[in-house]
1. Conditions: (1) assigned to a loop (DSSP other than H, G, I, E, B); (2) touching a Phe, Trp or Tyr at 6+ places or on another chain (Cβ under 7 Å). Y77 meets all but one. Number of the miss?
2. Considering only residues of the stretch 62-82 that are under 14 Å from the mean Cα position of the chain (by Cα) and closer than 18 Å to S12 by Cβ, which is surrounded by the fewest Cβ atoms within 10 Å (Cβ to Cβ)?
3. Among the residues of the stretch 36-44, are any aromatic (F, W, Y), surrounded by 10 or more Cβ atoms within 10 Å (Cβ to Cβ) and within 14 Å of the chain's Cα centre (by Cα)?
4. Taking S64 as meeting all but one of (1) among the small types (G, A, S); (2) without any contact (Cβ under 8 Å) to a residue 12 or more places away in the chain; (3) assigned to a helix (DSSP H, G or I), write down the number of the exception.
5. Please state which of the following conditions K39 fails to meet, knowing it meets all the rest: (1) outside any loop (DSSP other than H, G, I, E, B); (2) under 22 Å from Y103 (Cβ atoms); (3) out of contact with any Gly (no Cβ under 7 Å at 6 or more places or on another chain).
Amino acid sequence: SKARQLLEPARSVIDLHIEKLSDNWKHLSNFEILTIQLKTFEKYYYLSVAHHQSNLTVIHGIGSGKLRDEIHEILKYKKEVKSFVNQYHPNFGYGATEIFFGY
């Protein structure tokens, strides 16, 4: 569709490590970092859906698991999500969640 052509391209993998999202993150609080990470996740989630991608891999890292838990909580309520898994990945270890869409 014409509207879809105007959208920013979707990505099949998004890395939410804060150093990948911001050059100037060292002064940020944990809450501010999490907010930036979740906003970035939402943006690329919606682009994936708009482009009718079949899947999206989100790299959240292992860390405390807070970011992963927040993302999993959001995904539970998304109607486009067929399933999601946080299992061992050869490139990302356990630090990524794969999302599978069903339209």
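1. All conditions are met except number (2).
2. The extreme case among them is K78.
3. Yes, some residue in the stretch 36-44 is aromatic (F, W, Y), surrounded by 10 or more Cβ atoms within 10 Å (Cβ to Cβ) and within 14 Å of the chain's Cα centre (by Cα).
4. The one condition S64 does not meet is (3).
5. Condition not satisfied by K39: (2).
All of the numbers you see were taken from the coordinates with simple rules; none came from a lab. In this text, all values refer to a predicted model and were calculated from it rather than measured experimentally. All Cβ positions, even for glycine, are placed from backbone atoms using ideal geometry, and neighbour counts span all protein chains on display.
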